[in-house]
Amino acid sequence: MVIDPHALERSAAKYYDSRWKREAQHQQPPNPKRVSLVVSAVRKAVRFLASPKILDVGCGNGWLLEGIAKVVEDCSLFGIDPSAVAVQNASQRTPRAQVVQGAFGTYTFPCRFDVVTCSEVLEHVDDQAGFVDLLVKHLKKGGRLVITTPNGRYQATYFSATSAEPQPIERWLSHTEFLHLVRHRMKSVDVTTFDTSYWYRLHPFRQRLRHLISRAPGGWTLYERLDRLAEQQLDRGLYLLAVCTNRR
């Protein structure tokens, strides 16, 4: 059977146009914690830079662009997405951002960037190593890459246990695979996980225990410490987050 790559592209474009149109009806991003963590990492990365240039790859409806615009006033914001609906929605959400429609690998930007963000995109790419190479190529020397992707330890159960809809390509990486992918291209790589809600969902006993701890005197502090332990040391978060520096 001969597969028409253009037909696959058209099918994917139709899927994402529909997806972003549905999401645009919401008043907040589907995962506010992810947006908050990425925005915080960007803010930290540019805190000593004058007029930094920031690019969001696969910007979707522009939640990240909007968040960055709120905390980094003096910056040049760029976004790119293959979906026309996403570009329209992101441009409306953050008018100061320059958002373009196109394939990341073929579009030519006018500059290199101090920070490139890429959140929940890597898992939907066939050539993940080549994609990371492209992300790094768009960074200035010493620039920062902030990238998130789902934790591969959960892919086998996630879609059957939730009502989430699989996207056209789903290639989740384990913590080790993700670290290996970015470490060979970057330096000062810091990889952690976040969002333990799904892990607790898989283990109702831990969920109940966490609830009891949070209600005890002083329990909230212990509750937060246990969550950080699960995320940062045990890799139990649903998502992986890497912040790394371009060494080229």
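Below are the figures for this structure:
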| quantity | calculated |
| --- | --- |
| Test: V100 is aliphatic (A, V, I, L, M), at negative phi and open to solvent by less than 20 Å² (accessible area, probe 1.4 Å) | no |
| Some residue of region 103-110 being part of a loop (DSSP other than H, G, I, E, B) and open to solvent by less than 30 Å² (accessible area, probe 1.4 Å) | yes |
| In region 190-244, the residues that are on the phi > 0 side of the Ramachandran plot and either free of Cβ contacts under 8 Å to residues at least 24 places away in the same chain or out of contact with any Ser or Thr (no Cβ under 9 Å at 6 or more places or on another chain) (or both) | D195, G218 |
| Members of region 87-97 that are in a helix (DSSP H, G or I) and open to solvent by 50 Å² or more (accessible area, probe 1.4 Å) | Q88, Q92, R93 |
| Region 111-138: number of residues that are loosely packed, with under 12 Cβ neighbours inside 10 Å and either in a loop (DSSP other than H, G, I, E, B) or under 16 Å from the mean Cα position of the chain (by Cα) (or both) | 3 |
| Search result, residues across region 139-157 that are without any contact (Cβ under 8 Å) to a residue 60 or more places away in the chain and either aromatic (F, W, Y) or open to solvent by 70 Å² or more (accessible area, probe 1.4 Å) (or both) | A156 |
| Test set (1) surrounded by 13 or more Cβ atoms within 10 Å (Cβ to Cβ); (2) farther than 11 Å from L238 by Cα; (3) at pLDDT 85 or above - D195 fails condition number | (2) |
| Any chance R171 is of a type outside the set (S, T, N, Q) and surrounded by fewer than 17 Cβ atoms within 10 Å (Cβ to Cβ) | yes |
| Options P29, P110, P52: the member that is closer than 24 Å to A242 by Cβ and modelled with pLDDT under 95 | P29 |
| Filtered residues of region 47-90 (kept if hydroxyl-bearing (S, T, Y) and without any contact (Cβ under 8 Å) to a residue 40 or more places away in the chain) | S51, S76 |
| Tally, over region 70-86, of residues that are open to solvent by less than 20 Å² (accessible area, probe 1.4 Å) and part of a helix (DSSP H, G or I) | 1 |
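The values are calculated or read from the model by the stated rules, or taken from the named source; none is laboratory data. Predicted model, so just to flag it, every value in this text is computed and none were measured. Note that each Cβ is placed from the backbone with ideal geometry, even for glycine, and that neighbours are counted across all protein chains shown. What goes into the accessible areas is simple: the full protein's heavy atoms, side chains included, and nothing from ligands, DNA or RNA. Shrake-Rupley method; radii C 1.70, N 1.55, O 1.52, S 1.80 Å.
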